[in-house]
Every structure is written in C-alpha cells, then in structure tokens.
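The block underneath contains the structure these notes are about, expressed in structure tokens.
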Amino acid sequence: MKTLTKENIELITTTEEQPVVVQHPLECEAPNDQLARENWTSNLKYTVVGILFGIVFVKAEIISWYRIQEMFRLHSFHMYGVIGTAVITGIISVWIIKRFNLKTLQGETVVFHKKEFHWGNVIGGLLFGLGWALTGACPGPLFAQIGSGFLAVIITLLSAITGTWVYGRLREKLPH
Amino acid sequence: MIETIRQPWPWYVAGVLIGLTVPALLLLGNKHFGISSSLRHICAACFPARIPFFQYDWRREAWNLFFAGGIFIGGFMATQFLSNPEPIQVAEQTVNDLRALNIETDHQLMPASIFSTEHLFSLKGLVFLVVGGFLVGFGTRYAGGCTSGHSIMGLSALQWPSLVATCCFMAGGFIMVHLIFPWLMKLI
C-alpha cells in the first residue's frame, strides 16, 4: 500500500517531454491527467460520452439483472461477448495511441499508469463480485438503471456511496 | 433505421462501442476510463469527515461526475425514446433456475419482485439493494476499481493486477449465484 503524502495526493510526473507534476488523489483508477485545468463547460464533453455510453448500456441490456444472472450461470454468451470485445477494442486503441504517440485534444501526451498489485484487488474484488451478482450492477449501470426509471436503485447507489465511505474510514486497518 | 436501433443491440456492437470509450476519454482530455471513482468523489465532496482518503481536490476530478451524470441521462433517453417494445429474452435455463428460487422472470430489464419501489422496506429490499449496494461500493474501492476501471481500462493497458481483480469479480459473482443465493432465497 502506498503511504499517504501530507496532502493525501500522489504526485506523478508525466512523460519526459513534459516534466510536469500532476496532483492525484491516492489510488484513483480514473485520475485526471490533463495539465490544463477544465471548467464546467469543457467538462460537458464527458457528459456527452457518458450519454452515448448509457444508451449502449440500456440497448445492449447490460444493465439488466437477468443478463448478469445468465452470465454467472453460464447460460448466455452475451456478457462475455460484450466484455471480451470491449477489452480487445481497448487493447488495440491503447496500442495505436502508444505506437503513433497520439496527442490529446489539448496536444498533451497521453499518460498511462502502472497498476501495483495489492491484496485489496483480491479481497475487494471478491466482495464486489458478491454485490455485482446481487444488484445486477457495477457502478456504471447503477446510474443507467436509475435513469431507466428503476427508482429503487437510488437506494443501491446511496448504499454504494456509504460502502465507499466506510472503506475510506477503515482503509488504514484493512489488509492491502 | 430507428426500428433497428430499437432492437436489443448485439454483443459485438456494444463491446466495440464500450471499448471505444477508452480512447475517447484518453484523447478528449487524458482521462482514464473508470466509474467507481465517482462514488469516492461524491464522498470527498459531500462528507469528507477529515478522512485522509477523501482529502483531495475533487473539483479537479469532477469530469468523472459529469461522465456519470451522462450515463444517467443516456439511460433515461434510451428508455424513453429507443426502448424495445418486445419483452426481454432470458435464457430458458436461467428462467427455470430463477423460478426454482421463487423469482418469476418478467418482461422488464429488472425483476419487479425485487427492484420495484414497493419492496424497498422489505427484507428482500434490504438484502438486494442495501447489502448489495454496500458490497459494490466497498468492494470496488477496496479493489481499486470496478468493471470499467479494471476489466476494461486496466486490461486494455495490459495491467496484470487488473486481471487478478477481474478474475476475483467473476469468482465473487459465481460464489454468490451458486453458493449463497440458494441459501439466501430460502431465508427471504
């Protein structure tokens, strides 16, 4: 487990061409690596990506509790197909970005992080798997399920936020 | 055209589109795909409670909340304007297995016998929504990511800890469905 810096932020130096330090919340899987600061309106483009993503979630029935049951009962290939194709598409995309050194819209070099193994990957992973099968949702589909009108899922979301908070509270005491 | 869109989308279409989220976010603004961190940012913004894990500049990470908000809107739009008029097709074996557990398969995306608001304050609601949700939030943060952060983004960047996490996600799901579910459904 990485130790907390004074401000609880990881300081990560970006590439050699851009020896600039970006502040990160510790152990964040989806950090903001952009050097230029973004305002409210420029963040809206991520909402647009989210909208398209949410539509795919609903239209491919990934948010369906039944599809998750089928997956864990090995009665359908659907979810395996979705995740498998997504990973292959992702691997090819990342390879292209690295190979051709593609820049972001702002002209910055795309930053990748090395993930370090800790036992939370295993213990937390198993706990999340249990919850995934119960709720039929990972965090992404939770938002899409609520948007689809399953208002009871608001409780699931609030409970998930509570779970995240409790992890933060107990973090120092948990094995990593 | 619109009729085709209304049909359930096949796995390869969905998979490619989800996979393309990875380069889209990277190239739009050096953002790593991952949704569970939105839950952490909500904690950091609303109830940091002087916990070190939540002491950071969440406004700098706000893009993730905008993204999650988009998923909510997308879910709404797809259901309102593009929904499939046909009932959802569920594998027959799954229907039979669920029937044995007293869960009737209905025609929606989620079984109303568990996820309708009238079951909110029942024991079922407590287990599926409250316990399930807690495990999702606690587990993903402990694991350092969810299906998007580890299984899609992490695997795309060939990070082996993400492969370990993904295998554990799946193992947890199998344990729940095959070992805990039969026992749990007798209780509630």
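Every number here is computed from the coordinates shown, using simple stated rules; none is lab data. Remember, it's a predicted structure, so these values are computed and weren't measured experimentally. Cβ: placed from backbone, ideal geometry, glycine included. Neighbour counts: every protein chain shown.
Points to keep in mind about this one:
- Projected label distance in nm at B:Ser113 and B:Met185, using a 7 Å step from Cα toward the beta-carbon: 0.8
- Computed over chain A, Kirkwood Rh from alpha-carbon pairs, angstrom: 19.1
- Along each principal axis, taking the top coordinate minus the bottom one, the Cα set of the protein assembly as shown gives 60, 52, 34 Å in descending order.
- FRET efficiency for B:Ala171 and B:Gln93, using Cβ-Cβ distance with R0 set to 30 Å, rounded to 0.05: 0.90
- Farthest positive-ward along the protein assembly as shown dipole, Cα basis, beta-carbon charges - from A:Val48, A:Pro141, A:Gln34: A:Gln34
- Size estimate for the range A:73-176 follows the Kirkwood approach: the inverse of mean 1/r over distinct Cα pairs works out to 17.2 Å.
- With Cα atoms as the point set, chain B shows a radius of gyration and Dmax of 18.9, 53 Å.
- The range A:50-113: C-alpha pair distances exceeding 17 Å, %: 57
- Filtered trypsin sites (Lys or Arg not before Pro), the range B:13-111: DSSP coil and at most 15 other beta carbons within 10 Å: B:Arg50
- Spin-label pair B:Arg50/A:Phe77, simplified geometry with 7 Å Cα→Cβ offset, distance in nm: 5.8
- FRET efficiency for the A:Arg37 to B:His178 pair, using the beta carbon distance and R₀ = 45 Å, is estimated at 0.40.
- For the residue pairs A:Lys59/A:Lys115; A:Lys103/A:Lys173; A:Lys59/B:Lys124; A:Lys45/A:Lys114; A:Lys45/A:Lys103, the alpha carbons lie more than 29 Å apart in A:Lys59/A:Lys115; A:Lys103/A:Lys173.
- The dipole here belongs to the protein assembly as shown: it is taken about the Cα centre, uses +1 on the Cβ of Lys and Arg and -1 on the Cβ of Asp and Glu, and is about 540 debye.
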